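Read the structure below first, then the notes.
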There are 4 protein chains.
Amino acid sequence: MDRTDPAASIARAAKAYSNWGRWGADDVLGTLNFLDEAKRREGAALVRRGVSFSLSQRFDMDGPQKGWRRRTNPVHTMLDTGTDAAAGHQGFPHGLGGADDVITMPLQCSTQWDGLGHIFDHGRAWNGRNAAEVVTSDGDLVTGIEHMAPYVAGRGVLLDVGRAIGTAGELPDGFAVTEEQLTATAEAQGVAVGRGDLVLVRTGQLARARREGWGEYAGGPAPGLSFTTAGWLHGTEIAAVATDTWGFEVRPNEFAHAFQPLHQVAIPHIGLLIGEMWDLDALAADCAADGVYDFWLTAAPLPITGAVGSPVNPIAVK
Amino acid sequence: MDRTDPAASIARAAKAYSNWGRWGADDVLGTLNFLDEAKRREGAALVRRGVSFSLSQRFDMDGPQKGWRRRTNPVHTMLDTGTDAAAGHQGFPHGLGGADDVITMPLQCSTQWDGLGHIFDHGRAWNGRNAAEVVTSDGDLVTGIEHMAPYVAGRGVLLDVGRAIGTAGELPDGFAVTEEQLTATAEAQGVAVGRGDLVLVRTGQLARARREGWGEYAGGPAPGLSFTTAGWLHGTEIAAVATDTWGFEVRPNEFAHAFQPLHQVAIPHIGLLIGEMWDLDALAADCAADGVYDFWLTAAPLPITGAVGSPVNPIAVK
Amino acid sequence: MDRTDPAASIARAAKAYSNWGRWGADDVLGTLNFLDEAKRREGAALVRRGVSFSLSQRFDMDGPQKGWRRRTNPVHTMLDTGTDAAAGHQGFPHGLGGADDVITMPLQCSTQWDGLGHIFDHGRAWNGRNAAEVVTSDGDLVTGIEHMAPYVAGRGVLLDVGRAIGTAGELPDGFAVTEEQLTATAEAQGVAVGRGDLVLVRTGQLARARREGWGEYAGGPAPGLSFTTAGWLHGTEIAAVATDTWGFEVRPNEFAHAFQPLHQVAIPHIGLLIGEMWDLDALAADCAADGVYDFWLTAAPLPITGAVGSPVNPIAVK
Amino acid sequence: MDRTDPAASIARAAKAYSNWGRWGADDVLGTLNFLDEAKRREGAALVRRGVSFSLSQRFDMDGPQKGWRRRTNPVHTMLDTGTDAAAGHQGFPHGLGGADDVITMPLQCSTQWDGLGHIFDHGRAWNGRNAAEVVTSDGDLVTGIEHMAPYVAGRGVLLDVGRAIGTAGELPDGFAVTEEQLTATAEAQGVAVGRGDLVLVRTGQLARARREGWGEYAGGPAPGLSFTTAGWLHGTEIAAVATDTWGFEVRPNEFAHAFQPLHQVAIPHIGLLIGEMWDLDALAADCAADGVYDFWLTAAPLPITGAVGSPVNPIAVK
């Protein structure tokens, strides 16, 4: 990584870690191909106590969005209410009343998966496709997140880097987590990361954001993965990675004039499924308590046709 | 059940099958309380092959909604596209491009859970609360579906009534499935239903709707549970039930002048979590092939604060 | 017009009636340039009785949209209600209560203006610009409808073709109104059409749609302007034209294999402001009664930044 | 006005200035009844030069909303783009391309009218109706803003208080404009206010908000009408009033523990149509230049069925 030459660094990593063609020309799943039935059997065997954890933030107006790129927090409104039902406004017979509701939300507003059509590199989408042909105003015509709908269930692994090397469980903003630190965390927590795993990296920043607010812009300074972890993300053959931060990689980015360069390698070239703004705190506390850092994880995106992302409520079961 | 007196029939069932107070005055989970850690261990042990199934319809404009009670199909639009990225419109450095999207949808528009605040009986919500105090235009202030976020993962059981007693796998519209038929189906398929289970009842109607269209109104004639199954829903102590139809219970309803009377008993009185418009066809074909009708099921609602329902992508793993 | 060769016919009309460059390279107003201050003085002088008419349909779920190209009817929901206010849920002091609301709607869902960025011809937008540079997923960056915000107020002229040559005030579906019929209508109704006018053409179809429903698709068969009126639209130097139909021009279109060919000439080449689904019935009845077919008309689009259309409530005053 | 007793002050003003019953029990227009045909003739005669002004802010993400009570800025997205059209994605014949768009916005998000169902006093809506029966989650069933659709066109009067008594054209935040100051401004500017007028009060705060930002909350400190102007609003028999501020009345409100007390009198008791966040700056500059402070004004709300407010693009013509 040459901090003075982001373009060359990105191009080098893109070439070194490309999975283009690895699963055929028609592939729509990327690294999710690594998550096979054997891995699911291995994951299910991790359910020992039967305790379950939601890894999702609540979806409401108290979320992180401030308007950047027209991203708002979710707006949830009622079509019918109990107040109206009790007042007899609804016209149903025999005392029936009902409530209905509607939501308007960016698919990137809170706990989410980034689909394969979310990021491009020089006009190229995942598997080398022409971005202009893949994602139009009709949505992602090829790699829409609906294709992943049945598959995101397997072995989850938590790397609680905040707890392992942070202060009071938190890494500071701007802290770039390296491959060495990921490996050291796994060792310290007695867990191995391998092919087909769903890896969760906790930095502790969400706890801080909840305590202190998200500030002027959800994409502001934060800890996150270093650009240099691209090789690890590729070489471990993990199926997906998620963090408890807005943008997965460290912010500000490590190049003076770049924007989310690790995304630019990880999504279009590695074909990696990336989760953001996951709430890992309750699960992490449990893992710290019982010393078990792997579990069964289901994190199914909503199959919104042509979507380049999806809100998700990931469920870990130990 | 007295077909000439719906009000009395509903009142009788409501009284007979009430779970009010069963889990304390502050309960927000209803029958989901039956789904405990032991049940999750039992469910996880059902993962034998590692194959996973999505039980969700795709969320798009081809859905069932026709405008009734302001319910539309999901409207998914793009904030940024690959076409724009390729055209260099986005202003990111070093060739980075991106796509973002937004959705507007009723929470009852497609594959969904009905939350405990979705239906009332004579102004009463689940656990005997005053509906007017529970669900206002700010949403469900007490039993919002966010409270269920971590818990809906356990043993799933498929009762494929369409296959067991229908024609070509489908029950006709207006067919009211009785307790006897549910029991006979379970026996024929070699599966037992019990406390804490997540029960999926397949009628075959979704396959028909997909083939022939939803018609003028998604809530039109359909097979579904008979009003008389209220006792079974209560007595089996299942955690949740879901069907492949718009409205879970038979349509037209069995009383001349009623509207969704089984909802009126099941949600506010039994506290039952109900799923609708689930796509059970791929799972059912697999169950028919291997003769195994129980599995691990995760069906976590999005934790939308105060929501009375949620779209869901349920994942069954066998 | 050669019915067997739509491409050539469109190209010929586009060339013959082009206004590209007429108002300079930076123009964002098109024919609205014809509506000058003198014309506004002329229009204001037409206010004789002081009676006003709304020419807008109501915006609600009973509108014409059926889902074509993700167009829905407007979904209007409440953020706060009187029911909640009366129940004391809102927390305001001293008895204050309030109601707020939200709308989600396509800008093309009902009574509307088509902006200059709404239609392109072979990748060219109004004034010869590259459509790909003008309208991105950020909206119309050049000719957004906000630029027209102050100007759409002037002399309105009603040509009630339905009344002049139809049956019971209505033209049949598929009826192509010609220049001769427009001229004859104007003469019969004693009104002249000229430079800078806002011309309203009533076919009577909206009355029929309201009576009989919009059918399966709002863009189905309807009366409307013939493709051959392109010359008249150009030569009269009118500022804008609006009709009481979904699509302004006759449907089905007059070429076997075309789609809205008159739009393709009128918007990108003539730079003409086009209104659709205007409700002209009350105004038309008044004009028939008093024999006066011109009036003061204000029809200001909402200045939605970058919009290619806008809902509008046009107000005619006689 | 007793600053130590807001409840009594509000009650006293409500009683003193009530118009309940003035236009019959079925009235849905309130003070808009004052705007009659004679007033429209008078207004139209004010068109002398033919120059027109939009009094609307642009509707986009740069607006004043920060999320209070789930109010967001307008989110405008594209269903089709020129980029897609140029790329040949749309499937229309003969080179036709198109762009469509969608908006999601609170009706109170920017330049707007407050409808008669927007504010209640002790559970009472305009004309003494029960708020709980008037505005449900289905919207305003009685006084929805669609009823006003044809009528809001008449004589406009600008009272530029910012210019008359402010500094550099602006009143400071927290400045409560009194009846005396309104009268003095009218006299200084040579204009009379009377029955049926549409009165625009400029404070200069919008210019400041545009220059310095809206701050943390659009409803923060601002100049505006004093609570004591209730009598003037009632006695002048004006049809409507609008200001260039978020909330029309001075903020913070003049009572220690009140919230928008003048609204509480003006809307439910006077039946007054109130406009907020109007951009009066260009018009005001013109009025200062030519010394003419009255004009023709059309400010038609969108007839959204059951709405308690509407975005509006008011057009003044001089």
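The values are calculated or read from the model by the stated rules, or taken from the named source; none is laboratory data. Computed from a predicted structure; not experimentally measured. Cβ sites come from the backbone with ideal geometry, for glycine too, and all protein chains shown count toward neighbours.
Observations
- Positions within the stretch B:61-73 being at the interface with chain A (Cβ under 7 Å from one of its Cβ atoms) and closer than 21 Å to C:Leu107 by Cβ, in sequence order: B:Arg70
- Failed condition for D:Arg124, given (1) touching a Pro at 6+ places or on another chain (Cβ under 7 Å); (2) basic (Lys, Arg); (3) facing another protein chain (nearest Cβ under 7 Å): (3)
- Number of positions in the stretch A:21-50 that are in a loop (DSSP other than H, G, I, E, B) and buried (at least 18 other Cβ atoms within 10 Å of the Cβ): 7
The rows are residues; the columns are (1) without any contact (Cβ under 8 Å) to a residue 12 or more places away in the chain; (2) farther than 15 Å from B:Ser226 by Cα.
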| residue | (1), (2) |
| --- | --- |
| B:Glu249 | no, no |
| B:Phe255 | no, no |
| B:Gln264 | no, no |
| B:Pro268 | no, yes |
| B:Asp281 | no, yes |
| B:Ala289 | yes, yes |
| B:Ala300 | no, yes |
| B:Pro303 | no, yes |
| B:Ser310 | no, yes |
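- Of the residues C:Leu283, C:Leu233, C:Leu273, the single one that is farther than 19 Å from C:Leu35 by Cα and at pLDDT 95 or above is C:Leu283.
- Leading residue by the ranking (surrounded by the most Cβ atoms within 10 Å (Cβ to Cβ)) among those in the stretch A:59-95 that are under 17 Å from C:Asp100 (Cα atoms) and of a type in the set (A, V, I, L, M): A:Met78
- Residue within the stretch B:261-283 that is of a type in the set (S, T, N, Q), under 14 Å from the mean Cα position of the chain (by Cα) and either under 25 Å from B:Ser54 (Cβ atoms) or in the same structural domain as B:Ala164 (by TED's automatic domain parsing) (or both) present: no
- Test set (1) small (Gly, Ala, Ser); (2) farther than 26 Å from B:Glu133 by Cα; (3) facing chain A (nearest Cβ under 7 Å) - B:Gly117 fails condition number: (2)
- Selection within the stretch C:149-173 - among the hydroxyl-bearing types (Ser, Thr, Tyr) and surrounded by fewer than 20 Cβ atoms within 10 Å (Cβ to Cβ): C:Thr167
- Subset of the stretch A:76-104 that is hydroxyl-bearing (Ser, Thr, Tyr) and part of a strand (DSSP E or B) - its residue that is farthest from the chain's Cα centre (by Cα): A:Thr77
- Some residue of the stretch D:174-195 being within 14 Å of chain C (Cβ to nearest Cβ), crowded, with 17+ Cβ neighbours inside 10 Å, at pLDDT 95 or above and under 30 Å from C:Leu55 (Cα atoms): no
- Test: C:Val28 is at the interface with another protein chain (Cβ under 7 Å from one of its Cβ atoms) and at pLDDT 95 or above: no
- Leading residue by the ranking (nearest to D:Asp36 (Cα to Cα)) among those in the stretch C:51-60 that are facing another protein chain (nearest Cβ under 7 Å) and in a loop (DSSP other than H, G, I, E, B): C:Val51
- Restricting attention to the stretch A:129-146 and to residues that are among the small types (Gly, Ala, Ser) and touching a Gly at 6+ places or on another chain (Cβ under 6 Å), the residue that is farthest from the other protein chains (Cβ to nearest Cβ) turns out to be A:Gly144.
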